[in-house]
Amino acid sequence: MFGDKKNKLKDSERSLISETVSIEGTINSSGAIDIAGLVKGPVISKQIIVRETGSITGSIDGDHIEVHGHMDGKISGGDVVIGSTGTVKGDIEFSNNLKTENGADIDGYIKKTNVAKSKLSADFLFSKSKDKEEKKHKENGGSEANLNKDSEVLA
């Protein structure tokens, strides 16, 4: 019934975090994400659009990124657009194109890189080995120096 057919997720599917939604933690998607609500944590996706009502506190990594709302953190992408209503407090790193519309507010450094370094991999959505390694490392009293400041481990 539920597990009989193995349907693969299509990269063209869009996810929406609506205005009434607040999320704390890492968001990964192999498709596209529209953010109209509040996100606290890193967002990794092929395409990310922060709508006018959207707000992200954390890093963004994607192939195509548009910010029309509020962004507080680092942006890393191939094509980056900061709309006229967009506010960015953090550094912007892009490999292909950067477009800023009239009225865009940017407080940070802008850097063009030669190579796009996407954190997306073919099966990152269902990879559990990394989570297990981080958990085991913490349980053994290891240092958290290998995690970035936006990382959060929930037990």
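For the reader, a short list of remarks on this structure follows.
- Of the residues examined, Ile44 is not one that is buried (at least 20 other Cβ atoms within 10 Å of the Cβ) and over 17 Å from Thr26 (Cβ atoms).
- Segment 30-51, residues that are in contact (Cβ under 8 Å) with a residue 40 or more places away in the chain and either in contact with a Cys (Cβ under 9 Å, 6 or more places away or on another chain) or in a loop (DSSP other than H, G, I, E, B) (or both): Ser30, Gly41, Pro42, Ser45, Lys46
- Residue check for Gly58: over 21 Å from Ile106 (Cβ atoms), at pLDDT 95 or above, within 10 Å of the chain's Cα centre (by Cα) and small (Gly, Ala, Ser): no
- Segment 62-95, residues that are under 13 Å from Val39 (Cβ atoms), within 14 Å of the chain's Cα centre (by Cα) and either surrounded by fewer than 24 Cβ atoms within 10 Å (Cβ to Cβ) or of a type in the set (Ser, Thr, Tyr) (or both): His70, Asp72, Gly73
- Some residue of segment 130-139 being assigned to a loop (DSSP other than H, G, I, E, B), at pLDDT below 50 and over 17 Å from Ile49 (Cα atoms): no
- Residue satisfying condition, being within 28 Å of Thr113 (Cα to Cα) and buried (at least 17 other Cβ atoms within 10 Å of the Cβ), within set Arg51, Arg14: Arg51
The values are calculated or read from the model by the stated rules, or taken from the named source; none is laboratory data. Note that the structure is a prediction, hence the values are computed from the model and not measured. Glycine also receives a Cβ, built like all others from the backbone with ideal geometry; neighbour counts cover every protein chain displayed.
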